[in-house]
Amino acid sequence: CTDFCYVEEINGRSKNYCDRSNSEYPCAPNKGYYGRGPIQISWNYNYGAAGRSLGSDLLGNPDIVANDPMISFKTA
């Protein structure tokens, strides 16, 4: 498969990409910050910064990166 086949990281839910030392973009309870979108952003600090830039709560709702095509490509 080539060219944007996956909108979520394969086996991403099994990985913990939460930097608990990052106080600017703290991890939300029960949320996973694994790779989503065309460039597969991951980690809470990347979701937080992208969300701030886009005016969307990606820390509280990281799944929107995989489910909303506009947000998904804007994170790229």
Lone unmet requirement of (1) buried (at least 17 other Cβ atoms within 10 Å of the Cβ); (2) not in a loop (DSSP other than H, G, I, E, B) for R13:
(1)
Looking only at the stretch 62-76, count how many residues are open to solvent by 50 Å² or more (accessible area, probe 1.4 Å) and farther than 19 Å from I10 by Cα.
2
Scanning the stretch 39-54 for residues that are part of a loop (DSSP other than H, G, I, E, B) and open to solvent by 70 Å² or more (accessible area, probe 1.4 Å) gives I39, W43
For the stretch 24-38, what are the residues that are more than 20 Å from Y6 (Cα to Cα) and buried (at least 19 other Cβ atoms within 10 Å of the Cβ)?
Y25, C27
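The values are calculated or read from the model by the stated rules, or taken from the named source; none is laboratory data. Just so it is clear, the model here is predicted, and its values are computed rather than measured. As a convention, Cβ positions derive from the backbone with ideal geometry for all residues, glycine included, and neighbour counts pool all protein chains shown. Side chains are part of the model used for accessible areas, which takes the heavy atoms of the whole protein and leaves out ligands, DNA and RNA. Shrake-Rupley method; radii C 1.70, N 1.55, O 1.52, S 1.80 Å.
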